[in-house]
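Here the structure is laid out as structure tokens; the discussion comes afterwards.
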Amino acid sequence: MIKSKAYAAHSASSLLVPFEIQRRDPGPEDVQIEILYSGVCHSDLHTARNEWKNTIYPSVPGHEIVGRVVAVGNKVRGFKVGDLAGVGCMVDSCGHCHSCNEGVEQYCESGFTGTYNGPVFGGENTFGGYSQSIVVKASFVLHIKHDQQDLASVAPLLCAGITTYSPLRHWRAGPGKKVGIVGLGGLGHMGVKIAHAMGAHVVLFTTSPGKIADGKRLGADEVCISTDTKQMASYANQLDFILNTVAAPHNLDAFLQLLKLDGAMTLVGAPAEPHPSPNVFNLIFKRRQLAGSLIGGISETQEMLDFCAQHKIVSDIELIDMAYINTAYERMLKSDVKYRFVIDMAKW
Ligand code: NAP
Ligand code: ZN
């Protein structure tokens, strides 16, 4: 067993505190990674505080991991000691259902094993990236091709990047398409960058007037303050696709009305409490679709990392020490982060 320092929540109401965990010794198909950077996703906070009512304690969050390979099992091909490696939201899946065969392991019919809080196939709880070391099946480990100096800013691609890339690609964001991104947080700012790089005309919808200039710098062609009904009305029936990343319940109708005939709005934000039900007439009258999307498969995550490396896309981050995590959570709740906290594991 490998001992690793970590930070864990022990209950929904307690702060995260130092905690020692044990990782398995790498098996023949495993890669052992020394974690260099770990992004802080809003899902980490939802989980640490049991907002989705499924947390197993102690809980060690973190599913935006970048590190260096320190050991490989004897059946591992494609990774060697010294390589850079990434780990996202999943560390295993059944491997033989329809979804796994299609390469969309996130929709595994038995449920994928989460990087944290994920013992779907039985066994111990899984512990995530707020730790110094992790051992993962090689088929769930990603290759990092970005420049070395960007590594901390690459970490958020492993969740925020793929969670926006996958639906943007599925709903064919690209030239000639008007794409709305709702919420400029960790996911939203990656959505703006990626949709822009795909060639779409990007409209950012934000509740924060202070983010207008940033929205444009990040790649939005237009910015709409979503609390301003007049501004919102000017986008009625205009958008082909809307990616909604908001982490709190809100009025979905306000955005559905902005879709064209056959337009779709996909929810990736996962608030603890439900949204007020949308008005069905907003769907019926323009054959609009309301959809959801969960992260992305492993091969699509590699495709996204390669796309971002090619387009020189990384996350805008604020690098923090591990001990800052509780303050980071409070700031994230106030949307006070530009635009992702990333923990520097060298600064314990
Ligand atoms: P985040 O950094 O906190 O960003 C959320 C953004 O939503 C905020 O920056 C803010 O943007 C907007 N917002 C927050 N509260 C709001 C409110 N009450 N009304 C309107 N807008 C509000 O969070 P994140 O890490 O991007 O995660 C966003 C959500 O996606 C979370 O629920 C997370 O669990 C979920 N998630 C889902 C998946 C998936 O696979 N589907 C994957 C990862 C995360 P403005 O200031 O611009 O309005
Ligand atoms: Zn996440």
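The values are calculated or read from the model by the stated rules, or taken from the named source; none is laboratory data. Because the structure is a prediction, the values reported are computed rather than measured. Ideal geometry is used to build each Cβ from the backbone, glycine not excepted, and the neighbour counts take in all protein chains shown. Calculation scope for accessible area: heavy atoms of the full protein, side chains included, ligands and nucleic acids excluded. Shrake-Rupley method; radii C 1.70, N 1.55, O 1.52, S 1.80 Å.
Numbers at a glance
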read-out	value
Total formal charge among the other residues, if their Cβ is under 10 angstrom from that of Asn282, Lys/Arg +1 and Asp/Glu -1	+1
Cα centre as origin, Lys/Arg/Asp/Glu Cβ charges: the stretch 161-292 dipole, Debye	340 debye
Two-decimal log10 I(q)/I(0) for the chain, as the Debye equation yields it once each C-alpha is a single scatterer, q = 0.08, 0.12, 0.13 Å⁻¹	-0.36, -0.83, -0.97
Descending semi-axes in whole angstrom, ellipsoid equivalent of the stretch 1-102, from the Cα gyration tensor	26, 19, 13
Ranked packing of 248-254, 340-346, 78-84, 157-163, most packed first, by mean Cβ within 10 Å	157-163, 340-346, 248-254, 78-84
Within straight-line cross-link reach of Lys230, aspartates and glutamates at Cα separation under 17 Å, skipping those fewer than 8 residues along the same chain	Glu222, Asp253
Exceeding the 27 Å Cα-Cα cut-off - candidates Lys178/Lys312; Lys53/Lys347; Lys75/Lys193; Lys216/Lys347; Lys80/Lys193; Lys80/Lys338	Lys53/Lys347; Lys75/Lys193; Lys216/Lys347; Lys80/Lys193; Lys80/Lys338
Surface accessible to a 1.4 Å probe, per residue, for the residues of the stretch 161-292, Å²	42 Å²
The stretch 25-175: Rg to Rh, with Rh as the Kirkwood radius over Cα pairs	0.96
Nearest-20 debye value, the chain charge dipole, Cβ charges on Lys, Arg, Asp, Glu	520 debye
The stretch 308-340 versus the stretch 236-272: alpha-carbon centroid distance in Å	24 Å
Apportionment of accessible area to carbon and sulfur, the chain, percent (1.4 Å)	52 percent
Formal net charge of residues neighbouring Ile317 (Cβ-Cβ distance under 12 Å; K, R +1; D, E -1)	-3
Volume per residue that the Cα convex hull of the stretch 161-292 spans, once the total is divided by residue count, Å³	94 Å³
Value of Rg to Rh for the stretch 124-171 (Rh from inverse mean 1/r over Cα pairs, i.e. Kirkwood)	1.01
Candidate aspartates and glutamates for bridging to Lys260, where Cα separation is under 14 Å - those fewer than 8 sequence places away on the same chain excluded	Asp240
Around Val91: net Lys/Arg minus Asp/Glu count, Cβ-Cβ under 11 Å	-2
Between the stretch 34-96 and the stretch 106-146, the alpha-carbon center distance in angstrom	5 Å
Within the chain, helix-based [θ] at 222 nm, where runs of 4 or more DSSP H residues each add -39,500 (n - 2.57), nearest 500	-6000 deg cm²/dmol
Whole-number accessible area per residue in Å² for the stretch 10-78, which is evaluated in the context of all protein chains at 1.4 Å	45 Å²
